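One structure is given below, encoded as structure tokens.
The values are calculated or read from the model by the stated rules, or taken from the named source; none is laboratory data. Predicted, not measured: the structure shown is a model, and the values here were computed from it. Cβ: placed from backbone, ideal geometry, glycine included. Neighbour counts: every protein chain shown.
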Amino acid sequence: MVQGCENAKPALRRAPQVSYRHAGPDEVLRESGTLAVFGFGAGAVRSSDPRWLGVDLESFDAPVPLEVWRVDGPVSQGREGDVQWSAGDGWLFAAITLDEHEHGGPRDTAREAYAQLCRLLATRGERHVQRLWNYLGDINQGEGDVERYKQFCDGRASGMGEVFADGFPAATAIGHHAAAPRLQVYLLACDEPGQRVENPRQVSAWRYPRQYGRTPPSFARAMRLPADDALAISGTAAVVGHASTHDDDLLAQLGETLTNLEALLQSADMTAGFDTQSPLKAYVRQPTDAPLVHDFLQHRLPGVPVLLLHGDICRQELLVEIDGWRYA
Ligand code: 3EB
């Protein structure tokens with residue numbers, strides 16, 4: 001008797017392949033399977049293509065590469081309100097850039113950004129958000145609950161409503177230094193849910209105690225994509241338990257961050273280490289630290305592509321944060 005294929009485990013699709021490339025956006029956008037292309041800083045070449053996003057973070061690398069996301073098969077794209085999106089092979093890229101002057105501060109701007117993104121997701125098959133990035137200006141300005149990052153956390157939570165009631169995606173939230181008070185949020189979603197991964201060395205962010213703000217940060221430490229072995233790693237810093245460690249000690253913070261990254265790989269049942277296929281980003285608060293971060297990572301993670309960006313971490317005492325990808 002011929003076996004039905006219902007018993008066969010469907011082959012997992014390929015995760016979007018993320019890489020850094022030295023090329024022009026037009027050339028990369030012309031290639032088939034290009035889901036998204038990112039430029040960094042004020043000098044980045046622009047494009048009106050919805051798959052293009054100019055990120056408001058300056059890079060310390062010269063020349064500055066593009067970040068490219070590729071999927072198998074054809075890609076469609078469009079715009080909806082302030083949201084730009086593209087989709088292919090079950091994956092969705094969506095991004096929104098809002099001017100705070102038009103939306104009234106970090107809280108209301110975050111709420112509007114998340115509301116618009118969630119509205120788009122509700123119309124799409126690819127509604128399972130795997131990974132989110134958030135960039136806003138002056139992230140540490142203001143004391144206590146009125147710190148801009150904490151206001152952003154409030155607005156993000158109210159804008160996302162119940163969309164992530166089953167659990168938050170992996171995320172990064174970083175402060176930019178662009179002149180314009182823009183909030184940028186972009187995401188990767190899929191037509192299947194991923195698996196959230198937490199770090200046993202860290203308190204889950206959504207359980208952070210009250211001292212970190214009214215609304216705990218809504219993110220998972222990492223997400224195992226519904227694909228052939230790929231881990232999307234959230235912004236990871238020198239946080240142990242819920243506390244920042246090694247105040248004012250850059251190299252010790254970097255060491256603790258790498259320990260956290262390894263703990264995450266282990267928690268995700270992945271083999272240890274990063275390789276030439278595992279692109280990372282290092283967000284560095286003080287420009288004078290950039291060469292030290294570069295040398296440290298060259299030494300400890302030889303051959304791993306690392307994009308060095310000027311970005312403020314959402315806790316004043318943290319000097320560096322790393323996020324990125326690990327493929328099988
Ligand atoms: C931390 O471990 C550092 O608000 O989305 C890292 C990743 C951090 C994401 C977010 C915040 C966020 O708490 C801060």
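Numbers at a glance
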{"item": "Members of the range 15-57 that are part of a strand (DSSP E or B), small (Gly, Ala, Ser), within 26 Å of residue 286 (Cα to Cα) and touching a Leu at 6+ places or on another chain (Cβ under 8 Å)", "result": "39"}
{"item": "Hits in the range 114-169 - residues which are aliphatic (A, V, I, L, M) and within 12 Å of the ligand (Cβ to nearest atom)", "result": "132, 136, 139, 157, 160"}
{"item": "Close pairs from the range 121-143: first within 26 Å of residue 230 (Cβ to Cβ) and assigned to a loop (DSSP other than H, G, I, E, B), partner aromatic (Phe, Trp, Tyr) and modelled with pLDDT of 95 or more, Cβ under 9 Å, at least 6 apart", "result": "124/85; 126/91"}
{"item": "Hits in the range 58-97 (condition: over 28 Å from residue 227 (Cα atoms), out of contact with any Lys or Arg (no Cβ under 9 Å at 6 or more places or on another chain) and not in a strand (DSSP E or B))", "result": "58, 60, 61, 62, 63, 64, 82"}
{"item": "Within the range 207-228, tally of residues that are under 21 Å from residue 266 (Cα atoms) and surrounded by 16 or more Cβ atoms within 10 Å (Cβ to Cβ)", "result": "9"}
{"item": "Lone qualifier among 76, 47, 59 - being at pLDDT 95 or above and more than 23 Å from residue 276 (Cβ to Cβ)", "result": "76"}
{"item": "Pair list, Cβ < 7 Å and 6+ apart or interchain, from the range 152-171 residues that are assigned to a loop (DSSP other than H, G, I, E, B) to residues that are aliphatic (A, V, I, L, M) and within 13 Å of the ligand (Cβ to nearest atom)", "result": "167/220; 168/220; 169/129; 169/132; 169/220; 169/223"}
{"item": "Residue ID - nearest to the ligand (Cβ to nearest atom), chosen from residues in the range 277-289 that are surrounded by 19 or more Cβ atoms within 10 Å (Cβ to Cβ) and within 17 Å of residue 61 (Cα to Cα)", "result": "283"}
